[in-house]
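The structure appears right after this line, and notes come after that.
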Amino acid sequence: MPHRTTFIAGDENMSDFKRIYADNAATTQCSVAAIRAMTPYFYESYGNPSSLHSYGQEAANALAQAREIIAQAIGGQPQEVFFTASGTESDNQAIISAARFGARKNKRHIISSAIEHHAVLHTLDALEKEGWEITLLPVDEYGLITPEQVKNAIREDTALVSVMLANNEIGTIQPIGEIAAICRESGVICHTDAVQAMGHIPVNAADLGIDMLSLSGHKIHGPKGAGVLWCRRGIPLTSIIHGGAQERGKRAGTENIPAIVGTAVALEEAVTHCDSNASFVRELRDLLIDGLSEIPASRLNGHPTKRLPGNTSFCFEGVEGESMLLLLDQNGICASSGSACTSGSLEPSHVLLALGLPHEIAHGSLRLSLSADNTREEIDHIIKVLPPIIQRLRDMSPLWRK
Ligand code: PLP
């Protein structure tokens, strides 16, 4: 189990206050078990798994063992597991592979949803520029798409359906099993981005009936720099990184053994403790949702029940997300907003806009994503600190006063 410095109950003095980390959808703390498992591969068994000597073979054995652990956690076979450098790369390779495979049979149409991560949406943009036709299914007010929407959108020339298992901003969980069944009936490849879902809710590729699945080590208390693409046997993968013959010729580049080992250990831990962690985190989340719902002119984003155990996403009218984040940070609370402000455009999140929210409301979004390391005291503290911050920002806002 991961361990972290936590809030000291009853301590009102901010100088003694330990920071509250409520941004686990962005990244998680690496678990102690993952760090311990990784460490020998930096300085003892640091060989290259492609080398024939004993150092190399130690690394190759670690790689094989990690592949087995991950295959078992996903519900697949070791030879169906491919290591990449990130969830983003796994999404890219899954989509590009299915697209190239489809093109061989003149299938150049791909279906996805309007609220996918940019790792999916921007890959689809690139394919569209190359001549593929992309259908992005709209979502309802909770961020859900229905299997019927997928059924109706499938055409003769559809090569791929790619729908995320759970959304990173609003936590909504999609009916992937039913979507995969429709794809199977129609002979269409089904990929799911399970980066936010894996380890947090039960996910089994065989039960879901999907063909491809992406996951990322750093979202499950593993290290950054390791992604996994699970690809059902029979679906040909296309290399998007060219070079050596690693990963059976499908992903060139010397394998990041420490990160792969750490990801396997973290995933095994996450899957083993999934139910108990989820029920604990869900309880904290519901307390947080109840507390924040008391704030006037607030709106819970995402589905009330079909949502990730740790996801809390709200919009507060008359408030600007980034200002809220800065004031929360000054109070030791680390959260995130739905706004994609990295480009400097301050455009609200495409996910919140897809729910039908007007720009001015989507701008006031706050995501607090919890893990099993959070405590009841931390939730109480957030519920106490946030309302005066919102009030202060509203008092300064000419729009709100109007
Ligand atoms: N897909 C989803 C749903 C995500 O939330 C993220 C990361 O936030 C990614 C893909 C990309 O994963 P990575 O950060 O490992 O590239």
Next item on the list: Answer with yes or no whether residue 243 is within 12 Å of the ligand (Cβ to nearest atom), over 12 Å from the mean Cα position of the chain (by Cα), outside the structural domain of residue 313 (by TED's automatic domain parsing) and part of a loop (DSSP other than H, G, I, E, B).
Entry: no
Note to self: Regarding segment 40-57, can at least one residue be identified that is within 14 Å of the ligand (Cβ to nearest atom), assigned to a loop (DSSP other than H, G, I, E, B) and under 20 Å from residue 223 (Cα atoms)?
What the structure shows: no
Notebook entry, point to check: Pairs under 7 Å by beta carbon, first residue in contact (Cβ under 8 Å) with a residue 12 or more places away in the chain and within 7 Å of the ligand (Cβ to nearest atom) in segment 214-237, partner open to solvent by 30 Å² or more (accessible area, probe 1.4 Å) and small (Gly, Ala, Ser), six or more apart or different chains?
Noted result: 216/86; 227/85; 227/86
Checklist line | In segment 121-136, the residues that are of a type outside the set (Val, Ile, Thr), within 16 Å of the ligand (Cβ to nearest atom) and either in contact (Cβ under 8 Å) with a residue 12 or more places away in the chain or in contact with a helix residue (DSSP H, G or I) (Cβ under 8 Å, 6 or more places away or on another chain) (or both) | finding: 121, 124, 136
Next item on the list: Output the residues belonging to segment 120-142 that are polar (S, T, N, Q) and assigned to a helix (DSSP H, G or I).
Entry: 123
Check: Is it the case that some residue within segment 86-105 is in contact with an Asp or Glu (Cβ under 8 Å, 6 or more places away or on another chain), assigned by TED's automatic domain parsing to the domain that holds residue 211 and open to solvent by 40 Å² or more (accessible area, probe 1.4 Å)?
Finding: no
Next item on the list: Go through (1) within 15 Å of the ligand (Cβ to nearest atom); (2) open to solvent by less than 30 Å² (accessible area, probe 1.4 Å) and name the single condition residue 118 misses.
Entry: (2)
Item checked: Residues (within 16 Å of the ligand (Cβ to nearest atom) and of a type in the set (Ser, Thr, Tyr)) located in segment 85-109 -> 86, 88, 90
Notebook entry, point to check: Looking at (1) surrounded by 15 or more Cβ atoms within 10 Å (Cβ to Cβ); (2) without any contact (Cβ under 8 Å) to a residue 12 or more places away in the chain; (3) not aliphatic (A, V, I, L, M), which is the only condition residue 76 fails?
Noted result: (2)
Notebook entry, point to check: Which residues, taken from segment 344-363, are modelled with pLDDT under 95 and assigned to a helix (DSSP H, G or I)?
Noted result: 359, 360, 361, 362
Check: Quick one: would you say residue 333 is farther than 28 Å from residue 176 by Cβ and buried (at least 22 other Cβ atoms within 10 Å of the Cβ)?
Finding: yes
Notebook entry, point to check: Hey, does segment 88-110 have a residue that's within 21 Å of the chain's Cα centre (by Cα), of a type in the set (Asp, Glu) and either modelled with pLDDT under 95 or assigned to a helix (DSSP H, G or I) (or both)?
Noted result: yes
Notebook entry, point to check: So how many residues does segment 179-225 have that are under 17 Å from residue 272 (Cα atoms), open to solvent by 10 Å² or more (accessible area, probe 1.4 Å) and in a strand (DSSP E or B)?
Noted result: 1
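The values are calculated or read from the model by the stated rules, or taken from the named source; none is laboratory data. Only a predicted model underlies this, so the values are computations on that prediction, with no experimental measurement involved. FYI the Cβ positions are ideal-geometry reconstructions off the backbone, even for glycines, and counts take in every protein chain you see. Protein only, heavy atoms only, side chains kept; ligands, DNA and RNA dropped before computing areas. Shrake-Rupley method; radii C 1.70, N 1.55, O 1.52, S 1.80 Å.
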